[in-house]
Amino acid sequence: MQNVGRSSPQTTITHPLAIALLSGGLDSATAAALAIEAGHRVIGLSFDYGQRHRRELAAAAAVAEALVLEEHHVIAVNLAAWGGSALTDPAIPVPDGGVVEGVIPTTYVPGRNTVFIALGLSLAEARGATSLVLGVNAVDYSGYPDCRPDYLAAFQSLADLATKAGREGRGARLWAPLVAWDKATIVREALRLGVPIAATWSCYSGEDLPCGRCDSCRIRDAALMAAGRPDLTSAAVRAGAALRAGAGF
(Lines give C-alpha, C1' and ligand atoms only; values in the text may rest on other atoms or scores of the structure.)
Protein backbone atom coordinates (compact mmCIF):
# COMPACT_ATOMS: atom_id res chain seq x y z
CA MET A 1 0.00 0.00 0.00
CA GLN A 2 1.43 3.33 -1.07
CA ASN A 3 1.65 6.19 1.40
CA VAL A 4 0.72 9.34 -0.49
CA GLY A 5 1.42 11.70 2.41
CA ARG A 6 4.65 13.67 2.66
CA SER A 7 7.29 12.52 5.11
CA SER A 8 9.72 15.42 4.95
CA PRO A 9 8.77 19.11 4.96
CA GLN A 10 12.15 19.96 3.40
CA THR A 11 11.05 18.29 0.14
CA THR A 12 7.94 20.44 -0.34
CA ILE A 13 9.68 23.69 -1.33
CA THR A 14 10.03 22.90 -5.05
CA HIS A 15 6.67 21.19 -5.49
CA PRO A 16 3.77 23.08 -7.10
CA LEU A 17 0.79 23.89 -4.90
CA ALA A 18 -2.74 22.60 -5.50
CA ILE A 19 -6.04 23.32 -3.79
CA ALA A 20 -8.24 20.22 -3.40
CA LEU A 21 -11.95 20.55 -2.71
CA LEU A 22 -12.37 17.96 0.01
CA SER A 23 -15.92 16.85 0.80
CA GLY A 24 -14.98 13.91 3.01
CA GLY A 25 -16.17 11.47 0.39
CA LEU A 26 -14.26 8.78 -1.48
CA ASP A 27 -13.99 10.68 -4.77
CA SER A 28 -12.48 13.90 -3.43
CA ALA A 29 -10.07 11.96 -1.20
CA THR A 30 -8.87 9.94 -4.20
CA ALA A 31 -8.46 13.05 -6.33
CA ALA A 32 -6.39 14.70 -3.58
CA ALA A 33 -4.22 11.58 -3.31
CA LEU A 34 -3.67 11.59 -7.07
CA ALA A 35 -2.53 15.22 -6.87
CA ILE A 36 -0.02 14.30 -4.18
CA GLU A 37 1.21 11.37 -6.24
CA ALA A 38 1.67 13.78 -9.16
CA GLY A 39 4.03 15.83 -7.01
CA HIS A 40 1.81 18.58 -5.66
CA ARG A 41 1.65 20.06 -2.23
CA VAL A 42 -2.05 20.08 -1.39
CA ILE A 43 -4.24 22.39 0.66
CA GLY A 44 -7.68 20.96 1.43
CA LEU A 45 -10.81 23.13 1.27
CA SER A 46 -14.11 21.89 2.70
CA PHE A 47 -17.53 23.51 3.03
CA ASP A 48 -20.13 23.55 5.74
CA TYR A 49 -23.06 24.33 3.48
CA GLY A 50 -25.90 23.20 5.72
CA GLN A 51 -25.82 19.62 4.46
CA ARG A 52 -27.86 17.10 6.41
CA HIS A 53 -24.95 14.65 6.25
CA ARG A 54 -22.61 16.85 8.29
CA ARG A 55 -20.74 13.70 9.25
CA GLU A 56 -18.77 14.25 6.05
CA LEU A 57 -16.99 17.26 7.58
CA ALA A 58 -15.42 15.06 10.24
CA ALA A 59 -14.45 12.66 7.45
CA ALA A 60 -12.82 15.51 5.52
CA ALA A 61 -10.70 16.39 8.56
CA ALA A 62 -9.69 12.74 8.96
CA VAL A 63 -8.73 12.48 5.29
CA ALA A 64 -6.71 15.70 5.44
CA GLU A 65 -4.78 14.33 8.40
CA ALA A 66 -4.24 10.91 6.83
CA LEU A 67 -2.96 12.40 3.56
CA VAL A 68 -0.76 14.86 5.47
CA LEU A 69 -2.12 17.88 3.62
CA GLU A 70 -0.31 21.18 3.97
CA GLU A 71 -3.42 22.86 5.40
CA HIS A 72 -7.14 22.18 5.70
CA HIS A 73 -9.74 24.96 5.70
CA VAL A 74 -13.49 24.70 6.35
CA ILE A 75 -15.66 27.55 5.03
CA ALA A 76 -19.30 28.09 6.03
CA VAL A 77 -21.63 28.79 3.11
CA ASN A 78 -25.23 28.19 4.16
CA LEU A 79 -26.92 26.86 1.02
CA ALA A 80 -29.59 25.33 3.26
CA ALA A 81 -31.00 28.83 3.81
CA TRP A 82 -33.05 28.39 0.64
CA GLY A 83 -33.08 24.58 0.35
CA GLY A 84 -34.02 23.11 -2.99
CA SER A 85 -32.21 19.80 -2.45
CA ALA A 86 -32.66 16.59 -0.50
CA LEU A 87 -29.22 17.27 0.99
CA THR A 88 -30.16 20.66 2.45
CA ASP A 89 -33.92 20.43 3.04
CA PRO A 90 -35.18 17.82 5.54
CA ALA A 91 -38.63 18.01 3.93
CA ILE A 92 -37.26 16.42 0.73
CA PRO A 93 -36.59 12.68 1.14
CA VAL A 94 -33.21 11.28 0.16
CA PRO A 95 -33.77 9.09 -2.92
CA ASP A 96 -33.08 5.38 -2.65
CA GLY A 97 -34.62 4.05 -5.85
CA GLY A 98 -31.52 4.16 -8.01
CA VAL A 99 -30.20 6.68 -10.51
CA VAL A 100 -32.45 7.27 -13.52
CA GLU A 101 -30.55 8.19 -16.68
CA GLY A 102 -31.40 11.66 -17.95
CA VAL A 103 -33.11 12.72 -14.72
CA ILE A 104 -31.39 15.16 -12.37
CA PRO A 105 -31.83 13.64 -8.89
CA THR A 106 -33.13 15.58 -5.90
CA THR A 107 -29.68 15.31 -4.30
CA TYR A 108 -28.49 17.97 -6.75
CA VAL A 109 -27.78 21.14 -4.74
CA PRO A 110 -28.53 24.29 -6.78
CA GLY A 111 -25.30 26.11 -7.59
CA ARG A 112 -23.17 24.10 -5.16
CA ASN A 113 -20.19 23.32 -7.37
CA THR A 114 -20.29 26.79 -8.92
CA VAL A 115 -20.00 28.36 -5.46
CA PHE A 116 -17.36 25.87 -4.28
CA ILE A 117 -15.16 26.17 -7.35
CA ALA A 118 -15.33 29.97 -7.22
CA LEU A 119 -14.15 29.95 -3.61
CA GLY A 120 -11.49 27.38 -4.44
CA LEU A 121 -10.19 29.59 -7.23
CA SER A 122 -10.07 32.52 -4.81
CA LEU A 123 -7.87 30.52 -2.44
CA ALA A 124 -5.78 29.23 -5.34
CA GLU A 125 -5.08 32.73 -6.63
CA ALA A 126 -4.33 34.09 -3.16
CA ARG A 127 -1.82 31.29 -2.52
CA GLY A 128 -0.36 31.03 -6.01
CA ALA A 129 -1.64 27.49 -6.56
CA THR A 130 -1.35 26.05 -10.05
CA SER A 131 -4.27 23.60 -9.83
CA LEU A 132 -7.72 23.25 -8.32
CA VAL A 133 -8.37 19.54 -7.78
CA LEU A 134 -11.96 18.34 -8.07
CA GLY A 135 -13.41 14.91 -7.30
CA VAL A 136 -16.41 15.39 -9.59
CA ASN A 137 -17.61 12.37 -11.51
CA ALA A 138 -20.01 12.35 -14.47
CA VAL A 139 -20.57 8.60 -14.67
CA ASP A 140 -22.43 7.50 -11.54
CA TYR A 141 -24.53 10.67 -11.30
CA SER A 142 -24.83 11.60 -14.96
CA GLY A 143 -27.77 13.87 -14.20
CA TYR A 144 -25.73 16.39 -12.22
CA PRO A 145 -25.20 19.40 -14.51
CA ASP A 146 -22.16 20.64 -12.57
CA CYS A 147 -20.16 17.39 -12.78
CA ARG A 148 -19.83 17.28 -16.56
CA PRO A 149 -16.82 17.99 -18.80
CA ASP A 150 -18.59 20.83 -20.65
CA TYR A 151 -19.33 22.58 -17.36
CA LEU A 152 -15.70 22.27 -16.26
CA ALA A 153 -14.43 23.58 -19.60
CA ALA A 154 -16.77 26.57 -19.40
CA PHE A 155 -15.72 27.31 -15.82
CA GLN A 156 -12.06 27.17 -16.84
CA SER A 157 -12.75 29.80 -19.48
CA LEU A 158 -14.52 31.94 -16.88
CA ALA A 159 -11.65 31.52 -14.40
CA ASP A 160 -9.14 32.63 -17.02
CA LEU A 161 -11.14 35.82 -17.58
CA ALA A 162 -12.27 36.51 -14.02
CA THR A 163 -8.97 36.44 -12.15
CA LYS A 164 -5.82 38.53 -12.27
CA ALA A 165 -3.75 35.36 -12.43
CA GLY A 166 -5.85 34.09 -15.33
CA ARG A 167 -5.51 37.32 -17.29
CA GLU A 168 -1.76 37.12 -16.79
CA GLY A 169 -1.67 33.56 -18.11
CA ARG A 170 -0.84 31.90 -14.79
CA GLY A 171 -4.26 31.03 -13.44
CA ALA A 172 -5.05 27.75 -11.71
CA ARG A 173 -6.14 24.83 -13.89
CA LEU A 174 -9.24 22.88 -12.96
CA TRP A 175 -8.20 19.23 -12.68
CA ALA A 176 -10.90 16.57 -12.39
CA PRO A 177 -9.07 13.25 -12.85
CA LEU A 178 -12.09 11.10 -11.96
CA VAL A 179 -14.65 12.76 -14.20
CA ALA A 180 -14.95 9.83 -16.63
CA TRP A 181 -14.19 6.96 -14.22
CA ASP A 182 -16.76 4.52 -12.88
CA LYS A 183 -16.94 4.02 -9.13
CA ALA A 184 -15.19 0.65 -9.20
CA THR A 185 -12.17 2.24 -10.90
CA ILE A 186 -12.14 4.97 -8.26
CA VAL A 187 -12.15 2.37 -5.48
CA ARG A 188 -9.29 0.46 -7.07
CA GLU A 189 -7.24 3.65 -7.40
CA ALA A 190 -8.03 4.60 -3.80
CA LEU A 191 -6.78 1.21 -2.65
CA ARG A 192 -3.63 1.54 -4.73
CA LEU A 193 -2.90 4.99 -3.31
CA GLY A 194 -3.56 4.01 0.28
CA VAL A 195 -6.52 6.35 0.67
CA PRO A 196 -8.19 5.73 4.06
CA ILE A 197 -11.48 4.52 2.57
CA ALA A 198 -12.90 3.60 5.96
CA ALA A 199 -12.47 7.21 7.08
CA THR A 200 -14.40 8.64 4.11
CA TRP A 201 -18.12 9.28 4.16
CA SER A 202 -20.53 8.97 1.24
CA CYS A 203 -23.94 8.38 2.86
CA TYR A 204 -26.64 11.02 2.36
CA SER A 205 -28.98 9.97 5.14
CA GLY A 206 -27.51 12.00 7.97
CA GLU A 207 -27.39 9.00 10.32
CA ASP A 208 -24.47 8.06 12.56
CA LEU A 209 -23.71 5.01 10.40
CA PRO A 210 -23.98 4.61 6.61
CA CYS A 211 -27.57 3.67 5.83
CA GLY A 212 -26.86 1.31 2.92
CA ARG A 213 -30.13 2.43 1.31
CA CYS A 214 -29.46 5.78 -0.33
CA ASP A 215 -28.19 5.88 -3.90
CA SER A 216 -24.76 7.06 -2.77
CA CYS A 217 -24.35 4.11 -0.39
CA ARG A 218 -25.59 1.65 -2.98
CA ILE A 219 -23.18 2.86 -5.66
CA ARG A 220 -20.27 2.88 -3.22
CA ASP A 221 -21.10 -0.58 -1.84
CA ALA A 222 -21.38 -2.09 -5.32
CA ALA A 223 -17.96 -0.68 -6.24
CA LEU A 224 -16.38 -1.98 -3.03
CA MET A 225 -17.80 -5.43 -3.70
CA ALA A 226 -16.47 -5.31 -7.27
CA ALA A 227 -13.05 -4.35 -5.92
CA GLY A 228 -13.06 -7.29 -3.49
CA ARG A 229 -13.50 -5.22 -0.32
CA PRO A 230 -16.84 -6.25 1.20
CA ASP A 231 -15.35 -5.46 4.60
CA LEU A 232 -15.68 -1.74 3.81
CA THR A 233 -19.32 -1.76 2.71
CA SER A 234 -22.06 -0.06 4.69
CA ALA A 235 -23.44 -3.45 5.76
CA ALA A 236 -20.05 -4.43 7.18
CA VAL A 237 -19.70 -1.10 8.99
CA ARG A 238 -23.14 -1.44 10.56
CA ALA A 239 -22.50 -5.09 11.53
CA GLY A 240 -19.22 -4.11 13.15
CA ALA A 241 -20.89 -1.32 15.10
CA ALA A 242 -23.61 -3.69 16.30
CA LEU A 243 -21.02 -6.24 17.36
CA ARG A 244 -19.09 -3.64 19.35
CA ALA A 245 -22.29 -2.38 20.97
CA GLY A 246 -23.24 -5.92 21.96
CA ALA A 247 -19.82 -6.45 23.49
CA GLY A 248 -20.15 -3.25 25.50
CA PHE A 249 -17.42 -1.31 23.68
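What the table shows:
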{"quantity": "Cβ-Cβ FRET estimate between Ala241 and Ala58, R0 fixed at 22 Å, reported to 0.05", "calculated": "0.90"}
{"quantity": "Mean ellipticity per residue at 222 nm, deg cm²/dmol - from DSSP H runs of n ≥ 4 across the chain, formula -39500 (n - 2.57)", "calculated": "-11500 deg cm²/dmol"}
{"quantity": "Solvent exposure ordering (accessible area, 1.4 Å, most first) of Arg167, Arg173", "calculated": "Arg167, Arg173"}
{"quantity": "Karplus-derived 3J(HN,Hα), 6.51/-1.76/1.60, for each residue of segment 202-215, Hz, glycine and proline x", "calculated": "10, 5, 9, 6, x, 7, 6, 10, x, 6, x, 10, 5, 4"}
{"quantity": "Label assignment, P(r) over Cα pairs in 10 Å bins from 0, in percent derived from the structure, set (1) 7, 26, 29, 19, 12, 5, 2, 0; (2) 7, 31, 38, 19, 5, 1, 0; (3) 6, 22, 28, 21, 14, 7, 1, 0", "calculated": "(2)"}
{"quantity": "Using θ = phi - 60° and Karplus 6.51 cos²θ - 1.76 cosθ + 1.60, couplings along segment 83-100 (whole Hz; Gly, Pro as x)", "calculated": "x, x, 8, 5, 8, 10, 10, x, 6, 9, x, 6, x, 9, x, x, 7, 9"}
{"quantity": "Measure of compaction for segment 108-249 (Cα Rg per 2.2 N^0.38 Å)", "calculated": "1.27"}
{"quantity": "Loop-located chymotrypsin sites (Phe, Trp or Tyr not before Pro) in segment 6-106 whose Cβ has at most 16 other Cβ within 10 Å (DSSP)", "calculated": "Trp82"}
{"quantity": "FRET efficiency, 1/(1 + (r/R0)^6) with R0 22 Å, evaluated for Thr130 and Asp150 via beta carbons", "calculated": "0.45"}
{"quantity": "Accessible area per residue in Å² at 1.4 Å probe, computed on the chain", "calculated": "46 Å²"}
{"quantity": "Loop-located GluC sites (Glu not before Pro) in segment 81-181, at most 13 other Cβ atoms within 10 Å (DSSP)", "calculated": "Glu101, Glu168"}
{"quantity": "Degrees separating the helix 183-193 axis from the principal Cα axis of the chain, which is the longest one", "calculated": "70 degrees"}
{"quantity": "Long-range HN-HN contacts of Arg173 with modeled amide H, under 5 Å", "calculated": "Ser131, Leu132"}
{"quantity": "Relative packing of 143-156, 107-120, which averages over residues the other C-beta atoms within 10 Å, highest first", "calculated": "107-120, 143-156"}
{"quantity": "Whether segment 82-150 is rounded, prolate or oblate, judged on the alpha carbon gyration tensor where a/c under 1.5 counts as rounded", "calculated": "oblate"}
{"quantity": "Inter-label distance, nm, simple model (7 Å from Cα along the C-beta direction), Thr114/Ala76", "calculated": "2.5 nm"}
{"quantity": "Crossing angle, helix 26-37 versus the chain [Cα axis fit, 0-90 degrees, rounded to tens]", "calculated": "40 degrees"}
{"quantity": "Other-chain or far-sequence residues with amide H under 5 Å of Asp48's (modelled H)", "calculated": "Ile75, Ala76, Val77"}
{"quantity": "Within segment 140-243: Cβ-based charge dipole about Cα centre, in debye rounded to nearest 20 (Lys, Arg +1; Asp, Glu -1)", "calculated": "240 debye"}
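The values are calculated or read from the model by the stated rules, or taken from the named source; none is laboratory data. The structure displayed is predicted, hence computed values, not measured ones. Positions of Cβ are generated from backbone atoms using ideal geometry, with glycine treated the same way; all protein chains shown enter the neighbour counts. The protein model used for the area step is the full one, side chains on, heavy atoms only, and it has no ligands, DNA or RNA in it. Shrake-Rupley method; radii C 1.70, N 1.55, O 1.52, S 1.80 Å.
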